[in-house]
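Working notes for the structure below.
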Ligand SMILES: [Ca+2]
């Protein structure tokens, strides 16, 4: 219930240095902006999992999710072939990372040590900035109580530097 599903979004990551739990990492294409974001995420104490076994569950269609109750962020890379092994990042993967990091900020905005996540701005004012595709996805794939969280995430997820600054602002 507190698991914020990311249906059509995206993410990021890194090399072995970023995610200690990622064995046999093969990724070598993480740009400095996304590397900094990954490091900021890890620095919050939130657990960042790249391609955990849940990504390969038969009913999983999500590219990533953020679980406010557990302070856990998951990215399922498009080209992952086996659990716990990071591969080179695609643009979509980086999108997922940025998107889920905004959800982390929404969690942190009301304190990380609980299961709540709230918008930290006036999300209704952001709706005109969203594409029709985003609006359609939000209205059709998310329960109404998550609309604000999704609008905010999809609006703010565009640049790694923006998201990194939000993480630092709300968590430290
Ligand atoms: Ca939390």
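Brief remarks on what is shown
- Counting every C-alpha pair in segment 94-172, the share spaced more than 16 angstrom apart comes to 48%.
- The listed peptides 126-132, 154-160, 143-149, ordered by packing as a protection proxy, come out as 154-160, 143-149, 126-132 (highest mean of other Cβ atoms within 10 Å first).
- Antiparallel content of DSSP bridges confined to segment 3-170, in %, to 5: 65
- Cβ-based exposure ranking for 59, 93, 133, 31, in which fewest neighbours within 10 Å come first: 59, 133, 31, 93
- Debye-formula intensities of segment 39-123, expressed as log10 I(q)/I(0) at q = 0.10, 0.17 Å⁻¹, are -0.25, -0.69 (one equal scatterer per alpha-carbon, no solvent).
- Rule-of-thumb Rg ratio for segment 127-172 [Cα; 2.2 N^0.38 Å; N residues]: 1.28
- Global dimensions of segment 3-170 from alpha-carbon coordinates: Rg and Dmax equal 14.6, 44 Å.
Every read-out reported here was derived from the displayed coordinates using simple, explicitly stated rules and does not represent laboratory data. Everything quoted here is computed from the prediction, not taken from an experiment. Every residue, glycine as well, gets a Cβ built from its backbone with ideal geometry; the counts of neighbours run over all protein chains shown.
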